[in-house]
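Worksheet: the structure to be examined is printed underneath.
The values are calculated or read from the model by the stated rules, or taken from the named source; none is laboratory data. None of the values given here were measured: they were computed from a predicted structure. Neighbour counts run over all protein chains shown; Cβ positions are idealised from the backbone, glycine included. All accessible areas refer to the heavy atoms of the entire protein, side chains included, with ligands and DNA or RNA removed. Shrake-Rupley method; radii C 1.70, N 1.55, O 1.52, S 1.80 Å.
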Amino acid sequence: MKIQKLSPHEAQKIAAGEVVERPANIVKELLENSLDAGASAITITVEHGGKNSITVTDNGCGMEQEDARICFERHTTSKIRSVTELETVKTFGFRGEALASICSVAQVTITTKPKNFLEGIKLSIEGGKLRQVDVVGCPVGTTISIHNLFYNVPARKKFLKTTATEWGHIVSLFKACALSNPQVHFRLVHDTTIAYNCPPVKGTIERIAQLFDTPLTTHIVELSIPESSDIKLSGAVTTQQYARYDRGGMFFFVNGRWVKNYQLGQAVTKGYLNVLSAGRYPAAVIHLELAPHLVDINVHPKKEEIQFLNPRTVQSSITQAVKTTLEHSLSQQLKRTISFATTNTLVEPLFQEIEDVPSFPPFSLQSPSNTSEFQGFSSELPVVKQAAAPKIAAQDKEFATVIDQDKQEALDQEYSVVGHYHNTYILLEKQGSLLFIDQHAAHERILYERFANRFEPLATVRLLFPIIITLSAQHLKLLEPHLNLFEQNGISAEQIGDTQLAIKATPVFLKDCPIHDLIDQMLGWIEELQGIDPEEFYKTITEKLRAQMACKAAIKAGDSLSKEAMEELLHDLTKTKNRFSCPHGRPTSWELPLLEVERRFKRKT
Ligand code: ADP
Ligand code: MG
């Protein structure tokens, strides 16, 4: 006889595969059990992407000893009594299968104690069999630990992916769970490092701020729902300014349950039509509320796939909500940009003026790096330059004290602004030559020198609402010893928890600049410079930070400037040290001598 009935245990191992494919599935089942148990705080600890161990601790209702002893057997559930209750079930679990499946393919310990009990119970289970029971002291709630996943199913163990991949799945699952339960305190620990710590918050937007990187969190807006919407929707989406190369930033929930559904992702992306190019995706967190009879969540044993009775209505409601949200956010942004443009004058003089201005005539092209074909002509002009030098130096001294009074007159004697080219270069006529000033490079240098040579603390603004920046725990650890560097440069940053920084004040110059970019760059430098001499490290990183602050705060290429703004910039430049190059080494000015122009027109040879 060839056909044999499998022993129940072997059959269970095979069945377990339906629910337990990978560590993230276990985390999901355990989290759902904790939520079903009414927990308000849940900690997940995993080792090696969950391949070595997974532990979930909650402060939920716990189990009485008799319940605990059978909870890991098949079809044991406290959540329904009969199939007729399936229609109305509100809990995540109801099949009574998860713990049984997990216990059949791993070594498990369950420690649990309900409220008002003095003692808890600890069960050790291996291969689905109860090996040991101890009465223990423990807090109210349940801790379930899983070791050696698939130790008895080598075929499945082989299919586990790299630690990074398995960890990635756990993170997605964790984010989904945290997003749909903002009232619960979630922690996720990986190999002794706290990856996420999310205390309870009011809603989706705050939860997003705890979970995602800064580019995403700065571009997220709450979903605006059109009044005509057929479906109850809520959530948040990223604005037009944000895009990513994968769909991993989209999370959908139906009646609180995380679901994966390709059509829902498409419906969101459709809302960005003509805004995001092909292959680029937004991020979105969308909650749908539907009467239970309009959805079938039962199509998949892991309850992830979902079918809608009216998929079209659901999709079009989502697309419409996304469109409305984007239009709304765009009009808000335009309003903001207009008010910014009308108040955006050049930086007010916030610093003491520099006294020891070198006696160079402004903007003459002397740097040997300018090896253009015109260089020969520069050397034809030495007499002019030397003659001009003492005069300018005297004026500089005057500017240092009486900045505003005769500024206009004094500048006019030396050069005149003849135009603005490509909204990037200020054109000057000076002693017969045409001078090009790169407005961004010039402003960058001015600001850099101000940062570097100030005698007083930087003028800063206290932010009404601190900017919250979310980083990975590793990055924050790396940054933390250097926060004083930010402080010295006017950025007051305070660590909150293990993954967040609150930016409470910034230099006045930087008040409209993306501080998170600076922080990301700083992290890059810290990583790059690690191991070098501490003094050198400090010096280099300070220089880089100041250069980057100057770069962020400086007017940009392409910004249109009024004549007054151009003149103010030029005036400041004449009084700046190292004015011939920007902090990154690019030239700030370039000179086209008259002789060269005349040669081009064959007036002279
Ligand atoms: P289901 O969740 O479908 O009921 P499970 O196998 O996941 O089935 O769990 C079986 C039972 O064990 C649950 O119905 C519940 O009574 C109990 N249980 C599991 N995990 C916990 C927990 N973290 N806290 C309290 N009770 C739990
Ligand atoms: Mg369950």
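Couple of notes before you dig in:
- Single residue of the stretch 414-432 satisfying the filter (assigned to a loop (DSSP other than H, G, I, E, B) and either in contact with a Gly (Cβ under 7 Å, 6 or more places away or on another chain) or of a type in the set (D, E, K, R) (or both)) that is nearest to Leu573 (Cα to Cα): Thr424
- Val46 vs. criteria assigned to a strand (DSSP E or B), hydrophobic (A, V, I, L, M, F, W, C), at pLDDT 95 or above and more than 16 Å from ligand 1 (Cβ to nearest atom): yes
- Exclusive hit being open to solvent by 50 Å² or more (accessible area, probe 1.4 Å), touching a helix residue (DSSP H, G or I) at 6+ places or on another chain (Cβ under 8 Å) and away from ligand 1 (no atom under 14 Å from the Cβ), set Lys51, Lys79: Lys51
- Among the residues of the stretch 294-314, at least one is in contact with an Asp or Glu (Cβ under 9 Å, 6 or more places away or on another chain), at pLDDT below 85 and farther than 21 Å from Leu173 by Cβ.
- Against the list (1) assigned to a helix (DSSP H, G or I); (2) among the basic types (Lys, Arg); (3) over 30 Å from Lys323 (Cα atoms), the condition Arg207 fails is (3).
- Some residue of the stretch 261-269 being among the hydrophobic types (A, V, I, L, M, F, W, C) and either at pLDDT below 90 or under 23 Å from Pro514 (Cβ atoms) (or both): no
- For the stretch 56-70, the candidate set comprises residues that are over 41 Å from the mean Cα position of the chain (by Cα) and surrounded by 15 or more Cβ atoms within 10 Å (Cβ to Cβ); within that set, the residue that is nearest to ligand 2 (Cβ to nearest atom) is Ala68.
- Of Gln495, Gln548, Gln521, all but one fail to be outside any helix (DSSP H, G or I) and free of Cβ contacts under 8 Å to residues at least 40 places away in the same chain; the exception is Gln495.
- Among (1) open to solvent by less than 70 Å² (accessible area, probe 1.4 Å); (2) assigned to a helix (DSSP H, G or I) - the single one Gln266 does not satisfy: (1)
- Considering residues of the stretch 82-105 that are at pLDDT below 65 and away from ligand 2 (no atom under 15 Å from the Cβ) only, the residue least open to solvent (accessible area, probe 1.4 Å): Val83
- Ile532 vs. criteria of a type in the set (Val, Ile, Thr) and crowded, with 16+ Cβ neighbours inside 10 Å: no
- For the stretch 454-476, a residue qualifies if it is part of a helix (DSSP H, G or I) and open to solvent by less than 40 Å² (accessible area, probe 1.4 Å), and the qualifying residues are Ala473, Leu476.
- In the stretch 589-603, the residues that are touching a Phe, Trp or Tyr at 6+ places or on another chain (Cβ under 6 Å) and open to solvent by less than 80 Å² (accessible area, probe 1.4 Å): Ser589, Pro593, Leu595, Glu596
- Any hit, the stretch 184-199, residues being open to solvent by 70 Å² or more (accessible area, probe 1.4 Å) and within 21 Å of Leu31 (Cβ to Cβ): yes
- The set of residues in the stretch 570-579 that are modelled with pLDDT under 85 and either surrounded by fewer than 20 Cβ atoms within 10 Å (Cβ to Cβ) or under 18 Å from Gly419 (Cα atoms) (or both) comprises Lys577, Asn578.
- Filter pass, Ile42 being in contact with a His (Cβ under 8 Å, 6 or more places away or on another chain), within 16 Å of ligand 2 (Cβ to nearest atom) and open to solvent by less than 10 Å² (accessible area, probe 1.4 Å): yes
- The stretch 30-44 residues that are at positive phi, paired with ones that are not in a strand (DSSP E or B) (beta carbon under 8 Å, 6 or more apart): Gly38/Gly60; Gly38/Cys61
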